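Here is the structure we will look at.
The values are calculated or read from the model by the stated rules, or taken from the named source; none is laboratory data. All of these numbers come straight from a predicted model, not from anything done at the bench. For neighbour counting, all protein chains shown are included, and Cβ atoms are generated from backbone atoms with ideal geometry for every residue, glycine included. For the accessible areas, the whole protein counts, side chains as well, though only heavy atoms, and no ligand, DNA or RNA atoms are used. Shrake-Rupley method; radii C 1.70, N 1.55, O 1.52, S 1.80 Å.
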Amino acid sequence: MGYNMMLELAQDNYSYAVSTGNDGLSLEYAASRTVDVGRADSAVVSLVYDDYLYTGGAHGSYNDTAYVFDAETGEELSLDKLSTDYDAFATFVTKFMVDKAESDSSYSDRIDPSILPAEQYSAAFGALLREGSWYLGSDGLVFFSQLEEFGPYAAGIVEFTIPYAELKGVSDDRWLPAERA
């Protein structure tokens, strides 16, 4: 939702409250965007945008979107450019996420089995291989869910970091940090 749309909603809400005499309506609206630099070096610039929107109710909503750029050309990188064999790469990273979710208790606290049963991990984590849900961070390749994709609001966004050392031989060394390639 753009800021103009949010302003329009706020004006409509205010007009409704005034015309009906309903002074109990929430007239608080908020929106913000922050940008984190996941990694910036001679090979890659990764940016993660965090958008927050509150239009009333119990809590606001937030959404992350990542963009990764080739630092030499300025071209936005798509996930399929990280490896010469995308199918093998996709299989590897999906399996890594499944193994992590099954063996690391910090994930079981955040992934709700009523929303995402373990037998559906592979399909669900494979679906994270989409543009905007990954970036090259300081410690590795990061894939992340959206809010409430794998659990309740309180569980937040679920992130999987695949260390660069694990990506050696699976991804193109060009995208690995120089000191780790």
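Structure above, values below:
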quantity	calculated
10 Å binning of all Cα-Cα separations within the range 58-109, expressed as whole percents from 0 upward	18, 26, 37, 16, 2
Estimated [θ] at 222 nm from DSSP helical runs (n ≥ 4, -39500 (n - 2.57)) normalised by residues in the chain, nearest 500	-8000 deg cm²/dmol
Inter-label distance, nm, simple model (7 Å from Cα along the C-beta direction), S78/A118	3.6 nm
Translational diffusion coefficient (Stokes-Einstein; Kirkwood radius from C-alpha pairs) of the chain at 4 °C, 1.567 mPa s, in µm²/s	70 µm²/s
Percent accessible area from carbon and sulfur atoms, the chain, protein chains only, probe 1.4 Å	50 percent
Inter-site label distance for D139 and L9 at 7 Å from Cα along Cβ, in nm	3.4 nm
Mean separation of Cα contacts under 8 Å, 6 or more apart, over the residue count of the chain: relative contact order %	18 percent
For the range 133-181, alpha-carbon Rg and Dmax in angstrom	13.2, 39
Accessible surface, per residue, of the range 46-181 when the full set of protein chains is kept, probe 1.4 Å, Å²	49 Å²
Stokes-Einstein D in µm²/s, Kirkwood radius over Cα pairs - the range 37-136 at 20 °C with 1.002 mPa s viscosity	136 µm²/s
